[in-house]
Structure formats: C-alpha cells, structure tokens
Amino acid sequence: MEVLQREGFTVKKDNRGRRQYTDNDIMVIEKLIELSKYEARKGTEDDRAANREG
C-alpha cells in the first residue's frame, strides 16, 4: 500500500491511524493484483518463447 500512496493514491485513516478502504479502493487494489498476475504470466510465457527461439 505504501507504494500506491507514494504514487499519490490516498487512503483515509481512522482516529487510530488504521487505513479505511472504500469500495472503490478495494476495486482498484483487486484490479492491480489481477494485472500483476497477468504481467507475471505474460513474462513467463515471453521467457519460454525466447528460450525456444534461442
């Protein structure tokens, strides 16, 4: 979460300093996880293709 906050993603906090996520926050985080999994699979497939060619 710290990475997102450094990039300007704001998360509200309660009076104890704990993060309070909105439904929109959760949707964004889930999409980022989905994209990162896709990119990881894509990278693995690209590596395999390069090994076959080379």
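Enumerate the pairs (first residue in the stretch 18-34 and within 16 Å of Val3 (Cα to Cα); second residue anywhere and surrounded by 10 or more Cβ atoms within 10 Å (Cβ to Cβ) and among the hydrophobic types (A, V, I, L, M, F, W, C)) with beta-carbon separation below 6 Å, excluding pairs fewer than 6 apart on the same chain, so at least 6 apart or on different chains.
Pairs that qualify, where the first residue is within 16 Å of Val3 (Cα to Cα) and the partner is surrounded by 10 or more Cβ atoms within 10 Å (Cβ to Cβ) and among the hydrophobic types (A, V, I, L, M, F, W, C), are Arg19/Val11.
Identify all residues within the stretch 1-29 that are at pLDDT below 95, in a helix (DSSP H, G or I) and among the acidic types (Asp, Glu); write none if there are none.
Glu2, Asp25
The values are calculated or read from the model by the stated rules, or taken from the named source; none is laboratory data. From a predicted model like this one, the values you see are computed outputs, not experimental measurements. A quick note on method: Cβ atoms are made from the backbone with ideal geometry, for glycine too, and the neighbour counts reach across all protein chains shown.
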